[in-house]
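> This is the structure, below, for whatever I ask next.
The values are calculated or read from the model by the stated rules, or taken from the named source; none is laboratory data. Please read all numbers here as calculations on a predicted model, not as lab measurements. FYI the Cβ positions are ideal-geometry reconstructions off the backbone, even for glycines, and counts take in every protein chain you see.
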Amino acid sequence: MKRSKPINSSTNSSITLHPPSVGSARQLGELQALMAGAIMRPLTARNRMQPRTAGGEPMARVVESFIKPNDRLTSFERLEIYNRQYWFRILDCFYDDYPGLRAVIGDRKFDRLAHAYLARHPSESFTLRNLGRRLEEFLRAEPKWTAPHQRLALDMVRLEWANIVAFDEATKPAIHVDDLLGRKPSKVRLGLQPYITLLEVRYPVDDLLIAAKKDDDRLRGEASNAVELHHRRAVRINVRRLKPRRFYIAAHRMNCAVYYKRLAREQFDVLHGLQRGATLEKACAVLLKHRRRDGTDMATQVQQWFQDWTSFSWFCQR
Amino acid sequence: MYAAPTNTMPSNRFNGFTDYGIGIGLRVPHYQHILTRQPVVDWFEIISENFMVDAGRPLQVLDQILEQYRVVQHGVSMYFGSADKLNREHLKKLKTLVKRTKTPWLSDHLCWGSVDGRYTHDLLPMPYTFAAAKVTAQKVREVRDFVEVPIAVENVSSYAEFHQSEMTEWEFLTEVVEQADCGILLDVNNIYVSSKNHSFNPYDYVNNVPHHRVAQIHIAGHSKFKKYLLDTHDHPVLDPVWQLYSRAIQLVGKTATLLEWDDRIPSFDEVHHEALKANQFIHQLEHHAAPA
């Protein structure tokens, strides 16, 4: 697999040529920081450990100061096993979590982006589930990684994170239609289930993601070191054919399966208002600006929406 | 050398006085088979972190499994050996899961993997020093006191050794478990892999750990590279590992045993069949120990 030019990680700055002894908890921490800096340093284009530290010291000399060689491997080669495993593991996870983004920008650009993002934002969670938590923020700050399809890429990344949230975020006790009977709309504040993400996007990323994920159901081995970088090529999206327009999507969960539900603009506005803490009355007030000219009875329609949403168990206490 | 040969199941305080037999790891490709065919399996081991979520499909499947099977939790990211403080969010989620599964004991690795809140998601080897053992044992105690179930620490496969080490790996493991007063999850595949990578006799390891603390045994497959072995969990158990397992149960007694198969996972039946090969070594042990 081809690799982009390695990007320096901020985790490398702690590498020194004077490794600590390990006679105290503090010294243990210093040794671990030293080793982690080397392990988390990006690989070379040939997937090898870099010959120099971020500070410019020869990596071999640094590593020799704390890792023993053996009769088959140098100190450098022994630590390189961990350096490669680290990158293969997190890249493998990142590839699995973002098939849609891969389809939008292609394998080559995705590879460069993945290295840049993971070097800047290493995992800060005990679970790899949260690896992409800061990807949207990263792409907003550095749109060059997805150029010239920044908007589509950003829409896709938002949906792919919403997908992760919908998969396993908490469920609160649901509020049903009956619970609302007799209550003043001006006093009622409804929450949306934590697993629901409302998205206003410019592209039909829900359909695009479903297409990209087709046949891409690789499974990850959490306790295995058998990590490889031989990913199936991304399904490419023909970006040129796509014309931007507004789409409104609710990424949610039903019966433990993740769904993307298209919403009308009016529905999105009502739900978005409720999610932001508006009262039922205030959230529905936005409908006045959408008043239909086709004679549709808005009151009946809104009632139907709420029946549907409560049947999906979307509402909960704030 | 610790000498406590026995042919009885070591139901001990480190495994909650249970007498579990041969189990396998609960893995996604087998969910459908297990839930529809309901095969007879002594117990399943789950990776705790996969189920430390608030809701959704993982917990739905787990609850269905718990209705019919015994489950033991095995963690991969507590990092007892990290100098970092324990992550409170992690601990709370772990305890919530412990209450759900009612796991009789809980295992995680004798390793480190995070620095300053940044996670490598790897099982990194410890420098075998007395100071490191003290830090590690203290954290094992803290976790046990918080989750309120017995803890067993597992030896990891390793590919590097530190100049700073003051003792062998098995001496370090012993130092930690004695100070923490906890159990051992003895992974005989990991012992074998590390013995080849670091040129020690794996039987010295198995002979010299405190056998009365062994709560569980792991077996697994590994991969051979030109200059080292890698713990890949993607093969059947190799013969030298079975031989080491045989020696371990001679010393420890018939012990809850689990096959790990985490990559290139074959059918449920193939994995289970591989795990049940452990029975032939257990039967040999029982045969030799039977009164004339």
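> Please tell me if A:Val63 is modelled with pLDDT of 95 or more, among the hydrophobic types (A, V, I, L, M, F, W, C) and at negative phi. Lay out the reasoning, then the answer.
Numbers: modelled with pLDDT of 95 or more: yes; among the hydrophobic types (A, V, I, L, M, F, W, C): yes; at negative phi: yes.
Taking the combined requirement at face value, the residue satisfies it.
> Further question on the same structure: Give me a count of the residues in region B:48-87 that are closer than 20 Å to A:Glu169 by Cβ and either without any contact (Cβ under 8 Å) to a residue 40 or more places away in the chain or among the hydrophobic types (A, V, I, L, M, F, W, C) (or both).
Of the residues in region B:48-87, 16 are closer than 20 Å to A:Glu169 by Cβ and either without any contact (Cβ under 8 Å) to a residue 40 or more places away in the chain or among the hydrophobic types (A, V, I, L, M, F, W, C) (or both).
> If you scan region A:176-197, which residues turn out to be at pLDDT below 95 and in contact with an Asp or Glu (Cβ under 7 Å, 6 or more places away or on another chain)?
Of everything in region A:176-197, those that are at pLDDT below 95 and in contact with an Asp or Glu (Cβ under 7 Å, 6 or more places away or on another chain) turn out to be A:Pro185, A:Ser186.
> Follow-up. Evaluate the following for B:Ile265: is it within 14 Å of another protein chain (Cβ to nearest Cβ) and closer than 19 Å to B:Val153 by Cα? Break it down into steps so the answer makes sense when it comes.
Values: within 14 Å of another protein chain (Cβ to nearest Cβ): yes; closer than 19 Å to B:Val153 by Cα: no.
No; evaluated as a whole, the condition is false for this residue.
> Kindly indicate whether any position in region B:214-237 is in a helix (DSSP H, G or I), on the phi < 0 side of the Ramachandran plot, among the aromatic types (Phe, Trp, Tyr) and surrounded by fewer than 24 Cβ atoms within 10 Å (Cβ to Cβ).
Taking region B:214-237 and keeping what is in a helix (DSSP H, G or I), we get none.
Taking every residue of region B:214-237 in turn, none turns out to be in a helix (DSSP H, G or I), on the phi < 0 side of the Ramachandran plot, among the aromatic types (Phe, Trp, Tyr) and surrounded by fewer than 24 Cβ atoms within 10 Å (Cβ to Cβ).
> I'd like the residue in region A:198-214 that is modelled with pLDDT of 95 or more and not in a helix (DSSP H, G or I) and, out of all such residues, is surrounded by the most Cβ atoms within 10 Å (Cβ to Cβ).
In this case the residue turns out to be A:Tyr203.
> Could you check region B:212-232 and list, in sequence order, the residues that are of a type outside the set (A, V, I, L, M, F, W, C), farther than 30 Å from A:Arg72 by Cα and in contact with a strand residue (DSSP E or B) (Cβ under 9 Å, 6 or more places away or on another chain)? So that I can check it myself, show each step before the final result.
Here is the first cut: in region B:212-232, the residues of a type outside the set (A, V, I, L, M, F, W, C) are B:212-213, B:216, B:218, B:221-224, B:226-228, B:231-232.
Next, only the ones that are farther than 30 Å from A:Arg72 by Cα stay: B:212-213, B:216.
Within region B:212-232, B:Arg213, B:Gln216 qualify.
> Which residues, counting only those in region A:37-70, are more than 25 Å from the chain's Cα centre (by Cα) and facing chain B (nearest Cβ under 7 Å)?
Hits for region A:37-70 are A:Phe66, A:Ile67, A:Lys68, A:Asn70.
> Restricted to region A:71-92, and to residues that are part of a helix (DSSP H, G or I) and farther than 30 Å from A:Arg133 by Cα, which residue is nearest to the other protein chains (Cβ to nearest Cβ)? First the steps, then the outcome.
Step one: of region A:71-92, the residues part of a helix (DSSP H, G or I) are A:75-92.
Among the residues that remain, those that are also farther than 30 Å from A:Arg133 by Cα are: A:75-78.
Working: A:Ser75: 8, A:Phe76: 10, A:Glu77: 8, A:Arg78: 4 Å.
Per the criteria, the residue is A:Arg78.
> Turning to a different aspect of this structure: Looking only at region B:69-83, decide whether some residue is part of a helix (DSSP H, G or I) and more than 17 Å from B:Pro150 (Cα to Cα). If you could, list the steps in order and put the result at the bottom.
Of all residues in region B:69-83, those part of a helix (DSSP H, G or I) come to none.
Within region B:69-83, not a single residue is part of a helix (DSSP H, G or I) and more than 17 Å from B:Pro150 (Cα to Cα).
> Right, next: Starting from region A:164-179, keep only residues that are at the interface with chain B (Cβ under 7 Å from one of its Cβ atoms), then list their pairs with residues that are hydrophobic (A, V, I, L, M, F, W, C) whose Cβ atoms are within a distance under 7 Å, requiring at least 6 positions of separation or different chains.
A:Phe167/A:Val258; A:Asp168/B:Val53; A:Asp168/B:Ala55; A:Glu169/B:Ala55; A:Ala170/B:Ala55; A:Thr171/B:Ala55
> Check B:Asn190, B:Asn201, B:Asn155 and return the single one that is at pLDDT 95 or above and within 13 Å of chain A (Cβ to nearest Cβ).
Working: B:Asn201 fails: within 13 Å of chain A (Cβ to nearest Cβ); B:Asn155 fails: within 13 Å of chain A (Cβ to nearest Cβ).
It is B:Asn190.
> Yes or no: A:Ala103 surrounded by fewer than 21 Cβ atoms within 10 Å (Cβ to Cβ), away from chain B (no Cβ under 12 Å), of a type outside the set (Ser, Thr, Tyr) and over 26 Å from B:Thr232 (Cα atoms)? Give the steps one after another, and end with the answer.
Working: surrounded by fewer than 21 Cβ atoms within 10 Å (Cβ to Cβ): no; away from chain B (no Cβ under 12 Å): yes; of a type outside the set (Ser, Thr, Tyr): yes; over 26 Å from B:Thr232 (Cα atoms): yes.
Spelling it out, it is not the case that A:Ala103 is surrounded by fewer than 21 Cβ atoms within 10 Å (Cβ to Cβ), away from chain B (no Cβ under 12 Å), of a type outside the set (Ser, Thr, Tyr) and over 26 Å from B:Thr232 (Cα atoms).
> If a residue has to be acidic (Asp, Glu) and touching an Asp or Glu at 6+ places or on another chain (Cβ under 6 Å) to count, how many in region B:183-214 make the cut?
Taking region B:183-214 and keeping what is acidic (Asp, Glu), we get B:187, B:204.
Subset that is touching an Asp or Glu at 6+ places or on another chain (Cβ under 6 Å): B:187.
The number of residues fulfilling the criteria is 1.
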